[in-house]
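K.L.:
First the structure, which I've put down as structure tokens, then a few questions once you've had a look.
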Amino acid sequence: MRLYFILLLTINITSNIYSNNLKLNQFSNEYIERRSNLPYLQILHRDLFHDYIPDVRPVHNDSLPTEVTVQFWLKQLLKVNERDQTIRLYLWLELYWKDEILTWNPTKYGNITEIHVPANKIWSPDLVVYNSANMNVEESDMEKNVVIKYDGNVVLFRSTITDITCNLNLADFPFDNQICYVTLASWSMDGSKIQLKAIDRNTNNSYLELYIQHSMWRMLGMKHKTFIKYYDCCVNPFPDITYFFVLQRSPSYYIFSLIIPSTFITVVTIIGFFTPHSTTGENTEKVSLGVTALLSMAIIMMMVSDEVPATSDVVPLIGKYYIGLIGLIFSAAFSTTVTLHFQLRANIGIRMSEQLRKLLFIKVARNRIFQFFFTLQMRKRSAREMKNNALLFGLHTANIMFNSHLIKTNLTQAFLKRDSLLEECHAEFTNREEQVWKLKEDVKLLEREDIFDIRMRKVFYKILNHISDISFIMKHEQEKRIIITEWQQAARILERLLMLFFLFATALFHIVMLTSPYNDIILTDELLEKIKK
């Protein structure tokens, strides 16, 4: 009985095994027949991703890191925002790593050595731009396909438009150089999981082979360096690759739109301050010129303030430039009040002190440097003034002589003698008092000779008194003209001296402020570490 039971059990098991093998062979034949109708590429794709998990790092030994090689291309500089301290870049990235799961034998799949699949279907390193100012990565980052080779090597091509933060040093604006950097690192995996490596291209600066030049900024150079960062959250360090680049601003726009017009305004204003007197003898319009120039500078400074960030750390070079121009215009306007004060003293009739006269007319005006500007003009002006005064005095005396001839026609000899005396007075303008005295003596002599009668003596004395009054008035007017001329000449000397001084100061100021060369920046390892800190 026991033997019968064992025999029955053996027959049952054998029949089950046979039926299962039959079904398995039938399924295998159907599967092979179905696979034979598909292209090798689809068969390979199905075999590779049948049990693939893209969320897990594709390694057989999790204790070993995945080496990721980065190829960096700076395609274009899109925008530099000085106020927000950000720079917008267009980047191309090539990432290389090995996926130990995605491998196959090309001979079994029609000699296919590589395939292209969407990037989201496989595992990829989570590299991000650490100093990015744009948190919406999906809109600015584009990942299409990856290239997978039969030995597991993967290539991922990324194009990114990102805004990076950069500490812009605007001390030399608009003649400034800037050093900025892009930091690439894994956001969640430390050095025990991912080992970053950059393709060394520092020798020939080939990062800029595909770079499109910007109209405002010139790219001078680029260099990368790998850093190891430790954070309080984690035991293992986080490696990152930082790409440094140097930007140089092209100042042409600021030179032609701001600096050159401001220079012309300053020079014209300074020359206008120290122009000759107006026809009315007043120079108060120069103060209005100074106020107008200061107002124009204030408007230009408002335009400049919109270009630079509102910071208290440093004053830009162009800000110092406009402050200096405003200081020059203010100083020139203040100096104009000194010349106006000289003119006011001339109108009042205050005599010039001997010390000031020697300083301006001897030490300054007769100096060889200023002799061409001052001495020759003073001599011509003095000769012209003396000629005008002599002509004016001659007209007055001629009028008196004509009236005296009408009074007494029979005193020919006496009037002829008087005419000769008056002509001597006209010729010898500076000795007119002596001539009047001689005329009085001659009259006394004529009285002793009893030529004039009493009536004629009264008339002639009246004429002599008028001549004396005219002589006194002309002497006073001459002294007043001398005082006015001295102060006007002093004001003219001071004006030209100040004009030369301020023009020289303006030229020197522009040389110091605007001819400072760009600082040559060499990206050394010490400088890179200092910037990164």
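K.L.:
Of everything in region 161-191, what is touching a Phe, Trp or Tyr at 6+ places or on another chain (Cβ under 7 Å) and either more than 23 Å from Leu95 (Cβ to Cβ) or aromatic (Phe, Trp, Tyr) (or both)? Give them in sequence order.
P.N.:
Selection gives Pro174, Phe175, Asn177, Ile179, Tyr181.
K.L.:
Of all the residues that make up region 338-391, how many are polar (S, T, N, Q), surrounded by fewer than 14 Cβ atoms within 10 Å (Cβ to Cβ) and modelled with pLDDT of 75 or more?
P.N.:
Going through region 338-391 one residue at a time, the tally reaches 2.
K.L.:
I'd like to know if region 522-530 contains one or more residues that are in contact with a helix residue (DSSP H, G or I) (Cβ under 7 Å, 6 or more places away or on another chain) and surrounded by fewer than 18 Cβ atoms within 10 Å (Cβ to Cβ).
P.N.:
No, every residue in region 522-530 fails to be in contact with a helix residue (DSSP H, G or I) (Cβ under 7 Å, 6 or more places away or on another chain) and surrounded by fewer than 18 Cβ atoms within 10 Å (Cβ to Cβ).
K.L.:
Looking at this structure, is Ile329 buried (at least 17 other Cβ atoms within 10 Å of the Cβ), at pLDDT 80 or above, within 29 Å of the chain's Cα centre (by Cα) and farther than 17 Å from Asp176 by Cα?
P.N.:
The answer is yes for Ile329.
K.L.:
Continuing with the same structure: Would you please list the contacts, defined by Cβ atoms under 7 Å and residues six or more apart or on different chains, that run from a residue in region 504-533 that is closer than 28 Å to Thr226 by Cα to a residue that is small (Gly, Ala, Ser)?
P.N.:
Leu523/Gly221
K.L.:
When you scan region 96-115, do you find a residue that is under 30 Å from Ile531 (Cα atoms) and in contact (Cβ under 8 Å) with a residue 24 or more places away in the chain, even just one?
P.N.:
yes
K.L.:
Give me the strands (runs of 3 or more DSSP E) completely within region 34-130, filtered to those with at least 1 residues that are at pLDDT below 95, closer than 30 Å to Asn167 by Cβ and among the hydrophobic types (A, V, I, L, M, F, W, C), ordered by residue number.
P.N.:
66-81, 86-98, 127-129
K.L.:
Further question on the same structure: Report yes if some residue within region 154-162 is within 15 Å of Val80 (Cα to Cα), touching a residue at least 40 places away in the same chain (Cβ under 8 Å) and surrounded by 20 or more Cβ atoms within 10 Å (Cβ to Cβ); otherwise report no.
P.N.:
Yes, region 154-162 contains a residue that is within 15 Å of Val80 (Cα to Cα), touching a residue at least 40 places away in the same chain (Cβ under 8 Å) and surrounded by 20 or more Cβ atoms within 10 Å (Cβ to Cβ).
K.L.:
Here is a further query. Which of the residues spanning region 164-202 are within 24 Å of the chain's Cα centre (by Cα), outside any loop (DSSP other than H, G, I, E, B) and hydrophobic (A, V, I, L, M, F, W, C)?
P.N.:
Within region 164-202, Ile164, Ile179, Cys180 qualify.
K.L.:
A further question on this structure: Is there a residue in region 203-217 that is in the same structural domain as Ser63 (by TED's automatic domain parsing), crowded, with 17+ Cβ neighbours inside 10 Å, modelled with pLDDT under 90 and outside any strand (DSSP E or B)?
P.N.:
yes
K.L.:
Determine which member of the set Tyr254, Tyr231 is modelled with pLDDT under 90 and loosely packed, with under 15 Cβ neighbours inside 10 Å.
P.N.:
Matching residue, one of Tyr254, Tyr231: Tyr231.
K.L.:
Quick check, is Pro309 farther than 26 Å from Leu503 by Cα, under 24 Å from the mean Cα position of the chain (by Cα) and either outside the structural domain of Pro174 (by TED's automatic domain parsing) or at pLDDT 75 or above (or both)?
P.N.:
In short, yes.
K.L.:
Among the residues in region 134-147, are any surrounded by fewer than 18 Cβ atoms within 10 Å (Cβ to Cβ), in the same structural domain as Arg88 (by TED's automatic domain parsing), outside any strand (DSSP E or B) and at pLDDT 85 or above?
P.N.:
The answer is no, given that none of the residues of region 134-147 is surrounded by fewer than 18 Cβ atoms within 10 Å (Cβ to Cβ), in the same structural domain as Arg88 (by TED's automatic domain parsing), outside any strand (DSSP E or B) and at pLDDT 85 or above.
The values are calculated or read from the model by the stated rules, or taken from the named source; none is laboratory data. Fair warning: this is a prediction, and the values are worked out from it, not measured in the lab. Please note: Cβ atoms are built from the backbone with ideal geometry, for glycine as well, and neighbour counts cover all protein chains shown.
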